[in-house]
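Working notes for the structure below.
The values are calculated or read from the model by the stated rules, or taken from the named source; none is laboratory data. This one's a predicted model, so the numbers in the text were calculated from it and none came from an experiment. Here the Cβ positions follow ideal geometry from the backbone for every residue, glycine too, while neighbour counts run over all protein chains shown. Each accessible area value is taken on the protein alone, full model and side chains, heavy atoms only, with ligands, DNA and RNA left out. Shrake-Rupley method; radii C 1.70, N 1.55, O 1.52, S 1.80 Å.
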Amino acid sequence: MLLNLPSSSFSVIKLANLKSPFSDFSVKSRTHFSKSLSSSSSSSSSSSSLWHSPPSSELSFKNRHQIFWDKTKIRCRRNGDFRLWAFAGMDIGSAQSVLEAAAVLTAIIVVHESGHFLAACLQGIHVSKFAIGFGPILAKFNKNNVEYSIRAFPLGGFVGFPDNDPESDIPVDDENLLKNRPILDRVLVISAGVIANIIFAYIIILVQVSSVGLPVQEPFPGVLVPEVLTLSAASRDGLLPGDVILAVNGNELPNLGSTAVSDLVEAIKRSPNRTVLLKVERGNQDLEIGVTPDKSFDGTGRIGVQLSPNVKISKVVAKNFLEAFNYSRKEFLGLSYNVLDSLKQTFLNFSQSASKVSGPVAIIAVGAEVARSNIDGLYQFAAVLNINLAVINLLPLPALDGGSLALILIEAVRGGRKLPLELEQRIMSSGVMFVVLLGLFLIIRDTLNLEFIKDLL
């Protein structure tokens, strides 16, 4: 499973801190709800990957799935601050938060594979294996000719079909083998995992809306200064934590948080060693403060503060079923837009966004950070992972559900004549080999990015 953090379709999340201590960053914010409860349409750029694939000996007759997670920005609030987490230099954190993140991933995998499994069983199609995890088997039992197993690495799963299993005693012409079923039956089985994840994502959001509530952002004029660095230009010239900057050089800042921050940052960067006049709200007072940005190594100005949009975050809980479904629909569409837009940006700017693709270690790290922050983030983390998995698995690439659907489409175009089995296996094997190598690379890279590993090195 691979994540592009918002690419089977999963992006791994590279979460950027919305606040910059050096006033030197670009902002692309994503708002779930405005005060009027309309979904946000801003984009996120992030990507991670979870890899869940069966052993190579089983590749010829098992469903295999790849998730890419775009390093998506998940908005949370912690200690009164409005921030996004930095993905670089990941910190796994407490054992409890790691277990919570792993539980979320496992649940998503179980739902995905259960979709395939149930779609096959309900149509009377033979299924031979249902596995959570990959690698060596830790525990297993057999029921109704199906082997249920838990494997050593619980970051993936697969459903096995006996179609090309040399150990199966089912006749090769049995009409209930997946390969012998009509095209529509096979399409339903292959797409059921995606459908299950989409439904699960909506249910997660619905539960959040009905219980803990969705975060609502009410924007206010200006830019908040949560922190001022000691001995910085801002500290020297009188800015204090908690100040709200309303205007710069006489130009009022807009109410749109990310735009206001960007405008202020640009004004500061353009003015090294030149006084910038700031209109500041401090408590009930409006002040005029002149700040002279220091010149940084790249020739731009900086004042040494953290900045964030001046917003108030509250929660809205649905009062009835109609309201719950309405809020859930808006949030689901907003998150889906972010995932699709992130995936599009990944393909359009692959050379710049390739570093955002991450593996299971990165997903666990991000999930653990989300779990430590608040329950709202964990709900949305789970919903985004489900949507990512659904979208990426529809990509027409080998080893993904979309790749299997593409082969069925070719078969339909050829009038029901399948591609030679050897060719199909070669296509799928090449895709799986790529996924395996990419997964190993990402696991090593993401592990080396963990804070405690960096400390050891």
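Quick notes on this structure:
- Here the accessible area of segment 312-431 is 66 percent carbon and sulfur, with a 1.4 angstrom probe and all protein chains present.
- Calculated FRET value between residue 436 and residue 288, using beta carbons and R₀ = 51 Å, to 0.05: 0.25
- Think of a 1.4 Å ball rolled over the protein heavy atoms: segment 242-372 then has 48 Å² of accessible area per residue.
- Less than 5 angstrom separates the built amide H of residue 276 from those of 291, 292, all sequence-distant by 5 or more or on a different chain.
- By a 1.4 Å probe calculation restricted to protein chains, residue 379 has an accessible surface near 50 Å², given to the nearest 10.
- Measuring between their Cα centroids, segment 229-282 and segment 402-433 lie 58 Å from each other.
- Sites residue 448 and residue 319 - FRET efficiency at Förster radius 60 Å, r taken between beta-carbons, to 0.05: 0.80
- Here's how it looks for residue 242: its modeled amide H is under 5 Å from those of 225, 227, which are all 5 or more places away or on a different chain.
- Anisotropy class assigned to segment 124-194 is oblate, per the alpha carbon gyration tensor with a/c at or over the 1.5 cut-off and a/b no larger than b/c.
- Straightening the chain between residue 144 and residue 212 buys 20.4 nm, computed as 0.36 nm per residue apart minus the Cα-Cα spacing.
- Gyration tensor verdict on segment 214-314 (Cα atoms; rounded if a/c is under 1.5, prolate if a/b is larger than b/c, oblate otherwise): prolate
- Karplus-based coupling profile of segment 122-130, in residue order and whole Hz: 5, 9, x, 7, 5, 10, 9, 8, 9, with θ = phi - 60° in 6.51 cos²θ - 1.76 cosθ + 1.60 and x standing for Gly or Pro.
- Additional length obtainable on full extension of the chain from residue 421 to residue 179, 0.36 nm per residue less Cα span: 86.1 nm
- Listed residue (280, 253, 235) projecting farthest to the positive dipole end of segment 214-314, Cβ model: 235
- Here the calculated FRET efficiency for residue 251 and residue 333, from their Cβ-Cβ distance with R0 = 25 Å, stands at 0.10, rounded to the nearest 0.05.
- Charges were assigned to the Cβ only: +1 to each Lys and Arg, -1 to each Asp and Glu. The resulting dipole of segment 214-314 about its Cα centre is roughly 240 debye.
- Accessible surface, per residue, of segment 118-224 when the full set of protein chains is kept, probe 1.4 Å, Å²: 48
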